[in-house]
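Down below is the structure, laid out as structure tokens.
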Amino acid sequence: MHSQEFSVALPQSWAGLESINFAEILRDELASFAINDLPLQQCMARCNYVPDQKPDILILSVIDSDIDKQIRVGIFFDGIIAGCSCADDPTPVDSITEYCEFLLRMNRQTGAVKITVI
């Protein structure tokens, strides 16, 4: 799998960049995203579709520098194996928990955020 970089806007997190509650602010803001706004499809190992359900987000580490703040994020999310959807398809639609890690780099000057799937 090749790493790709995605850009996102996190205005609440940027406003709280120096707050002691930064990790909580970031987690809540990421959790408010629509499921399709995060590159979860790229992380799937066992499924082929991400249903519209909120993921569980963990802030694993935060590293500060003069230029940016680097945040490693772990995300647990549900995935499903989409069948043929035929009327006589006996396959139940069960969700399988998938896991993904991202590295977010938030520029201290501009607030620009780049997400790399790890």
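For the reader, a short list of remarks on this structure follows.
- Mean separation of Cα pairs under 8 Å and 6 or more residues apart, divided by the residue count, gives the range 5-117 a relative contact order of 30 percent.
- Counted without the sites themselves, the longest stretch of the chain free of trypsin sites (Lys or Arg not before Pro) in a DSSP loop having at most 16 other beta carbon atoms within 10 Å is 47-107.
- Estimated vicinal HN-Hα couplings, Hz - the range 66-82 in sequence order (Karplus 6.51, -1.76, 1.60; Gly, Pro = x): 5, 8, 8, 10, 9, 10, 9, 10, x, 10, 9, 8, 8, x, 10, 9, 6
- Its Cα gyration tensor gives the range 5-117 an equivalent ellipsoid, and the semi-axes of that ellipsoid, as √(5λ) in whole Å with the largest first, are 33, 12, 11.
- Loop-located chymotrypsin sites (Phe, Trp or Tyr not before Pro) in the range 7-37 (DSSP state other than H, G, I, E, B) with a sparse environment of at most 15 neighbouring Cβ atoms within 10 Å: F33.
- Listed peptides 50-56, 61-67, 37-43 by packing density, highest first (mean Cβ within 10 Å): 37-43, 50-56, 61-67
- The string of couplings for the range 49-59 from the Karplus curve (6.51, -1.76, 1.60, θ = phi - 60°) is 8, 9, x, 7, 10, 5, x, 9, 10, 10, 8 Hz, one whole number per residue in order, with x for Gly and Pro.
Laboratory data are not the source of any read-out in this text; all were calculated from the coordinates shown. This one's a predicted model, so the numbers in the text were calculated from it and none came from an experiment. Methodologically, a virtual Cβ is constructed for each residue, glycine included, from the backbone with ideal geometry; neighbour enumeration extends over all protein chains shown.
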